[in-house]
Every structure is written in C-alpha cells, then in structure tokens.
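J.: Below: one structure in structure tokens.
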Amino acid sequence: MHSRAGGGQQIDMLAPESELVQNITIAGALARTESLHGDQLALVSRHQGIRWSWHELMDAALSIAQGLYSLGLVPGDRIGVWSANCAEWVALQYACAISGIVLVNVNTAYRSHELSYVLNRSRIRALVLQEQDVHANYRQILDEALARTPCLLEHAIYIGSNHWNDIASTPPETPGHVPQPEDVANIQYTSGTTGSPKGVLLTHLNLINNGRFMAGRMKLTHEDRICVPVPLYHCFGCVIGTMNAAATGAAVILPAASFDAGKTLEAIHAERATAVYGVPAMFIAELHHPRFDEFDFTSLRTGVMAGSVCPIEVMRQVVERMNCREITIIYGQTESSPGITMSSPDDPLELRCSTVGRALPATEVKIIDPSTGEEAGVGVTGELCTRGYLVMKGYDDDDAATAAAIDADGWLHTGDLAEVDENGYYRITGRLKDMIIRGGENIYPREVEDFLYRHPKVAEVQVVGLPHERLGETVLAWIRLKPGRTATAEEIQEFYRGEIAYFKVPESIRFVDKYPITVTGKIQKFRIRELELEYREEAKAAACGGGVVQI
C-alpha cells in the first residue's frame, strides 16, 4: 500500500484487532485511516472553531513535518510540546510520527524548576508552546528556566506566531524517512511523586497497538466521535484518545483547552459524541454540574473512566444518568503504553463497576507476592506485573531505574496491588506503597473507600494511613460531602461499624471541599497525608488538638 505518510510501507492493519501487528507504525496506521475515511471528520477543537477531515488533518501533519525538517531537525531528534489541548497539538503529534522526530510531552503545570529539568534531561532541540493561557505565562516561565540552567534548546516556536505559521504552511511532501516499529515515537514524563520525573520511552509498536486493542474492546469505528476533555500531554489523551482514533478513523472532539465540566457536557450534546473520556473527578464534576439536566446524552454509547481508582457508585451514575451503558474502565500506567487491562462493554455492569476487566490482547499479566516474588493464587492480593509488546523501551538515559522497573524476564512491576478472580478479571486494591499496616493488619484503602461511597451524603472519599507510635499506622478518611449536606465524624464511623472489620474503621475523619490533585485530575494521596500532618502540627501549636478532626 503506497501512502503519503507511510512512504510505501506495507502495514498489516487488516489483522484481527485481537492480534499484535509487529510491522505497524503510527504513520502507517494514519495513512490507512486517511485512505479509507479521508473525507470524514477527524478532529474538532470547539474552543478554536476548527473542524478537520482526515485529509485535512493529514495535510496539516505533512506540512508540519516538512517544516520541522526545514529547521534542521532530523529523524531521532526530539521536539517538545508544551500546550493545553488544541488542534496544533494533535497535528504536531502526527507530524512527528510521520517524520521520525520524537515528540516529548511537557506537562502544562510545570514551572521553571520542572521545565528546566525536562529541557536538560530530554535534550530537545525545539519546543512548541503557547505564549500564555489562563493558567500561566509560558514565555516568562521558559525564560526563567533557560536562565536557570543551559540546555540544547535551539528553537522556541510559539503557536500562532509567524514562526509557527511558516512551519505549518510548508508545502507538504511525502517524507523520505520511514519510521520503524521499534523506533521511539514519544517520551512521556512520569509525575515525579516519588522523586525526579523519569522520561518513559514509548515506541510506534507500543502506542499504536495499544490504541488498536483498546479501541477494539470499546468497539470503536470510523462512525464514533470521542469527547476528549483529558489533557493531550498525558497518555490518556495522546494514546487512548488520538491513537484510538488513528487506528479506527473515529473523530476526536476537544471541548476546551483544559477541563471544563460545562463545556464537556456542551460538546457531548452539540457534537453528538458517542464516547466520553475522563478521570473519576471529571465525571463527578459533570454529574454535579448545575446545568446537567439541560443536555441530551442519548448519543453516548461508551467511554473510558481511568487515571485513578474508579468509585463504583460514580460508575453506576455515569451509566444511568449519562446513558453511557457501555462505559469501560482501563487500568495501566505510562510505562505500559498505557493500557494493561480493560473491561468490555458486554461485561455485566457489576463486573464493570467492581473490576478493571481482563488483560488486553497480547498482554501477559500476573500477580506476585511482593515479599517472595512467587505468583499469587486466585483471590490473593499481590503486586500486578505485566509483560509483552506494551512494556516501555525503558527510562530515558536511566539504566538503573529501568532495571528496577523491568526485571530480567521482561516483567514490568507496576507497584499496584491487585487480585484476580477465577475468570481472569482483575481488581485493583491500592498502591503497594499506600497499603496501610495497622497493628499488623493489612488494610487496602480502596476497600474502605468503596464501602463509604454507599453513604447517601458522601460525594467523594480518600483514605490514607497516618503514622502512629503504637500501631504503626491508623486510618484517616478525607470526605467531601454532597452539596448542601452535613455530617459528623461519629455518624460516618457508625455507618462502618458492624459492616467492616473494626480496624478498618477510620479513626480520623476530615471533611473537605477539595483534594490536592495533579493537572490530570489524579488525587495525590501523598499530599493528603502531608497536609494532614501539617494541619495537626498547626493544631498542636495552637493547643487545640483532639481525636477525631472535623472541618
């Protein structure tokens, strides 16, 4: 099959969606999708008023690819993208996949310290960025980062500037370079919650196959329209979003530059979206939006809830109130491209609410005893490990960290606690490091959280362990109540008693209005623990301590 983007590369995209395609690249998948569905809608950026067909999106990508070459960039070079969601982000991602230039995702929440670290660590030669948005002045932050430490950056290209426009309007040509499946296509940085961020090296083979498998399980086709309010710089947006689309021809709808619950609901309604993505916090915000009942959700069929632990009751409400009867859950991490397991639209609702589904195709999964490394039995909690095409190539320029994450037999150790049932359905019970050990008893926060979601006044709950001199740790719950509701700590504790083991009942409860989160919507449990300890120190200093804390 000859293609403008594929350089004549033969791509076996006709293989069953459940089979791994070894000779696939992102460029090849794009070329096939354009040849089959060129006149159909590919991308909508509602806040920019942009609507591109696959032909138009491919033309934009080819022009940008040629424009990057005109800067002196060559295959294997690295270019960063530091921007909120926009059409240019998607076009640049595809341009890099076509040209062989490696795209480096830069978190929009980064400020000068983090940006300086990534610029130096990633060795990017060019950075495509916004001048500013409602959240930050990116030009100023970049200037501060460049003043902090030297790096290899040669070009700062501002979206919308004459420089960018010249690059984006370069006459498109078929690139002479043909990327290979094992080539690194994308570098994504981990959150850095346990140290400095690490660059995850992801290949064409990793990304487009992972997109194929997830899209296949969702039954996506070129007739679907995916509402993508999650950030593109995160794997949720630039794999589960754009790779799923590239593999199937489904259209991507960007409701806004950054997450806005109201604009997401508007986009679903106006664009007749058939799928919607989000982390639990996003779905909670949408469900509680004051204008929720004004919107029509009858077009919705499926979607993905992922990124953090998915509360069962939230899942049920999305099914019932948003008409997302085939909503799925994907479990994974950046280092696994990201999807490891996924539920199926055909699974009974209870399974989709209580598990993260089965292993995706061509994916090995096992649960091991963290202390011995031996494989655990059915129903036994242990660390989830995975092996196969999906495992990252490694951490960029960090052999020690790579060896710590991927063992000699190729198993990626996720650090997540899970168990599997006799039918191969996995349930995530928490993080290995988040497990609470109270007086010798192992407590999994997810179990305690899931139980409290049944309380009619509770909107959201997060459970962490607090240091305790005698017991080692005790259980703390931060609870956000539903609007207009009030409760006492004693009332919440009484709800638990007699229903779960006494040692799982939270000794401490704090009522809050919000949680510390990353810009991707992930709740930072380590910050909850840190903040709680800070609050207690402040209370102690003010001589107003106590057992159960209520705010």
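The values are calculated or read from the model by the stated rules, or taken from the named source; none is laboratory data. Not measured: the values here are computed from a predicted model. Glycine gets a Cβ as well: all are built from the backbone with ideal geometry, and neighbour counts include every protein chain shown. SASA here: full protein model, heavy atoms, side chains in, ligands and nucleic acids out. Shrake-Rupley method; radii C 1.70, N 1.55, O 1.52, S 1.80 Å.
J.: Give me the one-decimal nm value for the distance between modelled label points at Arg497 and Leu349, 7 Å along each residue's Cα-to-Cβ direction.
T.: Calculated label separation equals 3.3 nm.
J.: Using Cα pairs closer than 8 Å and at least 6 residues apart in sequence, work out the relative contact order for the chain, in percent.
T.: This gives 10 percent for the chain.
J.: Shifting gears a bit: What is the spread of the Cα atoms of the chain along each of their three principal axes, largest first, in whole Å?
T.: Cα extents, longest axis first: 69, 54, 53 Å.
J.: Can you tell me the orientation of helix 26-37 relative to the chain, as the angle in degrees between its alpha-carbon axis and the longest Cα principal axis, to the nearest 10?
T.: 80
J.: Using 0.36 nm times the number of residues separating Arg470 and Asp39, minus their current alpha carbon distance, what extension gain do you get?
T.: 148.4 nm
J.: Taking 22 Å as R0, compute the FRET efficiency from the Cβ-Cβ separation of Glu422 and Arg454 and round it to 0.05.
T.: 0.25
J.: Label Arg480 and Ala136 with points 7 Å out from Cα along Cα→Cβ: what is the distance between them in nm?
T.: 2.2
J.: Thinking of the range 78-182 as a set of Cα atoms, what percent of all their pairs are more than 20 Å apart?
T.: 39
J.: How much length would be gained if the chain were fully extended between Asn165 and Asp398, taking 0.36 nm per residue of separation minus their Cα-Cα distance, in nm to one decimal?
T.: On the way: separation 233, 0.36 × 233 = 83.88 nm, distance 3.64 nm.
Length difference between fully extended and current span is 80.2 nm.
J.: Another question, if that's okay. For Phe292 and Lys514, what does the FRET efficiency come to when R0 = 25 Å and r is the distance between their Cβ atoms, rounded to the nearest 0.05?
T.: Values: r = 19 Å, r/R0 = 0.78.
The pair Phe292/Lys514 has a calculated efficiency of 0.80.
J.: Angle, helix 261-271 long axis vs. longest principal axis of the chain, Cα atoms, 0 to 90°, nearest 10?
T.: 50
J.: Quick check: at a probe of 1.4 Å, how many percent of the accessible area of the range 199-280 sits on carbon and sulfur atoms? Write out the running numbers ahead of the final one.
T.: Working: 740 of 1450 Å².
Carbon and sulfur atoms account for 51 percent of the accessible area of the range 199-280.
J.: Tell me the trypsin sites (Lys or Arg not before Pro) within the range 486-521 that lie in a loop according to DSSP and have at most 10 other beta-carbon atoms within 10 Å.
T.: Qualifying residues, ordered by number: Lys514.
J.: Something else now. Magnitude of the Cβ-charge dipole of the range 187-345, K/R +1 and D/E -1, about the Cα centre, nearest 20 debye? The partial results should precede the final answer.
T.: Values: 12 positive and 13 negative charges, 79 e Å.
Here the size comes out at about 380 debye.
J.: Along the three principal axes, how long is the range 197-333 when you take its alpha carbons, biggest first, rounded to the nearest angstrom?
T.: 43, 34, 28
J.: Which net charge results for the neighbourhood of Trp164, defined as the other residues with beta-carbon distances under 12 angstrom from its beta-carbon, given Lys and Arg at +1 and Asp and Glu at -1?
T.: Net charge in that neighbourhood comes out at -3.
J.: Tell me the angle of helix 312-321 to the major Cα principal axis of the chain, expressed in degrees between 0 and 90 and rounded to the nearest ten.
T.: 60
J.: Same structure, new question: Give the calculated FRET efficiency between Asp59 and Leu20 to the nearest 0.05, with a Förster radius of 41 Å applied to their Cβ-Cβ distance.
T.: 0.85
J.: Over 24 Å between Cα atoms: which of Lys482/Lys522; Lys198/Lys393; Lys198/Lys525; Lys366/Lys514; Lys219/Lys263; Lys433/Lys457 fall into that group? Working shown, then result.
T.: Numbers: Lys482/Lys522 20 Å; Lys198/Lys393 13 Å; Lys198/Lys525 20 Å; Lys366/Lys514 35 Å; Lys219/Lys263 26 Å; Lys433/Lys457 30 Å.
Going by Cα-Cα distance, Lys366/Lys514; Lys219/Lys263; Lys433/Lys457 fall outside the 24 Å limit.
J.: A further question on this structure: Multiply the residue separation of Arg51 and Glu538 by 0.36 nm, subtract the distance between their alpha-carbon atoms, and state the gained length in nm to one decimal. Don't jump to the answer; show the numbers that get you there.
T.: On the way: separation 487, 0.36 × 487 = 175.32 nm, distance 5.29 nm.
The Arg51-Glu538 span can extend by a further 170.0 nm.
J.: Run the quick spin-label model on Glu375 and His113: label points 7 Å from Cα toward the beta carbon, then report their separation in nm to one decimal.
T.: Distance between the two pseudo-spin positions: 4.5 nm.
J.: How many Å² of accessible area per residue for the chain, probe 1.4 Å?
T.: 39
J.: Here's a follow-up. Hey, what number do you get for the chain at 222 nm if only DSSP H runs of n ≥ 4 count, each worth -39500 (n - 2.57), divided across all residues, to the nearest 500?
T.: On the way: 17 runs with 172 residues, N = 551.
Theoretical 222 nm ellipticity from helices: -9000 deg cm²/dmol.
J.: Out of the total accessible area of the range 382-441 (probe 1.4 Å, heavy atoms of protein only), what percent is carbon and sulfur?
T.: About 45 percent, which is the carbon plus sulfur part of the accessible surface.
J.: Name the GluC sites (Glu not before Pro) in the range 439-491 that are in a loop by DSSP and that have at most 15 other C-beta atoms within 10 Å, would you?
T.: Glu469
J.: Which whole number in µm²/s is D for the range 402-536 by Stokes-Einstein, with the Kirkwood Rh taken over Cα pairs at 20 °C and 1.002 mPa s?
T.: After rounding, the answer is 131 µm²/s.
J.: Please report the projected area of the range 162-243's Cα convex hull averaged over all directions, in nm².
T.: For the range 162-243, averaging the hull's shadow over all directions gives 8.6 nm².
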